[in-house]
Amino acid sequence: METIASRDVEEIVSKLSSDKAKAREEGIKLLNTWLEGERSIRFCQFLGENTAMLKPNDIPHSQTWPFLVTLLIRCVSLEIASSKKRLPKLVFSKTLRIVVQRAEASKISGKTLPLLSVVKPLFSHISDVLRDIQSFQSEYGIMLRHILAVKDYRFHMRNRVYCNLVLLYLGKVETSFSEKSNSQYNPKEEVFRCVLTLHSLLENPPGDFPENLREDTVKGFIGIFSFLRDEGKIARKLIECINIFLLKDGPNLGCQCLEIHNAVQQFVFRCWLTSHDRGLKDAVINYARLQLNLSRGAADGSPLVEQLLDVIGKDLDQTNILSGSVPRTDATKDDRLGTLTSSQCGLVELAALVFYRACANPLKAPATAKRAKREHASACLRDGLMKGKWLWGSCATGMLLFAVLLVTITLVFVRIYSCIGLKAYALALKGVLNEANMEHAYDDLLWTLRSLQEFSSEQLLPVLRTEMLIRSSLTSNEEMVLGSIFEGIFDVRICP
């Protein structure tokens, strides 16, 4: 393997530092010869070791990563300034991107953050170039996502730079969709890369999400979804962008969460039951759960619960369990039967939460509203159980677990669950058994039995032991909530 000496690095630095464009191009070519193949191993190790020797207050010298990045930033800026009548040469942006990635990849053990001293001007440079130079978008987008992923780097990004980048990419994505409607739009891969970078920015702010950026971000999403029609990886990533935004800043949005929902609901509910893209459906379910949690206690939360009751009921009916959902190498044949996928788990958890919310806080139509009377959520759940559909059973179990977690539990509840809950499951099991005998498919039966076993062993017995010690009592309101849930689901009068 060829070794590298100080004079080799100094030759590269000398050419890149030149005021002549031709000499800088030669320096870029020479640097790239050291960044390819086996030579790159020694070159990166050499710069990494020199960088690791720097003390916090030292000025990086010419044989370190920060100095080389600073020099390349200057080269790119000069190349852009000298290319008024032509496109700047891509080799400059590509070389800077490779150097930034190699600097991080060649960190010396115990010596992290080799670019810390130069990352602030690097963020500013990236923002300026992305704003002005279209041909550098791909390379600089990759470089931006790379350094955003490093927590200690993004904390050094100026708030103004971060806001400019978020607004820039929101504008790029919205423009791409609006131009598409006019039959003049960017290739899908370019749009997808913009959405990827937007997601990375929203996921990695330099601290708390800036308050002055909140309103413009909401408007940006509203504008984007006013044009979005097609499913696919771009739509999936856009839903994930909204999800990460709600996760990061949702509690501060207030009624703006409803503005976002009003813009995306048509697309979300259309895709929910028709899409074959599992990743898109998972993102949509996660979106619904986030919005539901953010609307807890809000006056405008009931319409969302009502929307979700409709779509979730249809989804629970049409979702079938797949015996082959678990690879053969991961489980025995018996273990594979009745196994929930991660997507099915997400649906069941959301369904349990929605039905619990609807049962505990019955939906009330406004006095002025003229519409057909809705069936109570508990009645819908009971009907689903009686169909013998396995996901309805899991939803009911999950809803009862929410009751266990959210209401003060006493021996009264344990007695209610033991005498009435198991009776209802016995009725549901009858339907599952009938379906299994007719179709010779036992996945639903096996899953239901397992869920009952897990609930009784992990929830009922610990609760019983706890209550034998605590013996606390339910308030009248708590008794009424539990009573309405059980009476509605199991159609049995509760007499504690």
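A few remarks follow.
- By average C-beta atoms within 10 angstrom, highest first, the peptides 351-359, 81-89: 351-359, 81-89
- Derived scalar couplings ³J(HN,Hα) [segment 131-142; Karplus, 6.51 cos²θ - 1.76 cosθ + 1.60; whole Hz; x for Gly, Pro]: 6, 10, 10, 5, 5, 9, 4, 5, 5, 6, x, 4
- Extension gain, ASP152 to SER124, is 8.5 nm, computed as 0.36 nm per intervening residue step minus the present C-alpha separation.
- Pairwise FRET efficiency - SER178 versus MET53, Cβ, R0 = 56 Å, nearest 0.05: 0.60
- Charge-dipole axis of segment 1-156 as Lys and Arg at +1 and Asp and Glu at -1 on Cβ define it, positive-most pick from TRP65, PHE155, ILE133: ILE133
- For segment 13-105, the ratio of Cα radius of gyration to the globular rule of thumb 2.2 N^0.38 Å stands at 1.10.
- Å² of accessible area per residue within segment 1-40, as computed with a 1.4 Å probe and no ligands counted: 59
- Take the Cβ atoms of LYS188 and LEU247, set R0 to 25 Å, and the FRET efficiency comes out at 0.40.
- 1.4 Å probe accessible area per residue over segment 220-311, in Å²: 42
The values are calculated or read from the model by the stated rules, or taken from the named source; none is laboratory data. Remember, predicted model here, so these are calculated numbers, not experimental data. Counting neighbours? That spans all protein chains shown, and the Cβs are built from the backbone with ideal geometry, glycine included. For accessibility, only protein heavy atoms count, side chains too; no ligands or nucleic acids. Shrake-Rupley method; radii C 1.70, N 1.55, O 1.52, S 1.80 Å.
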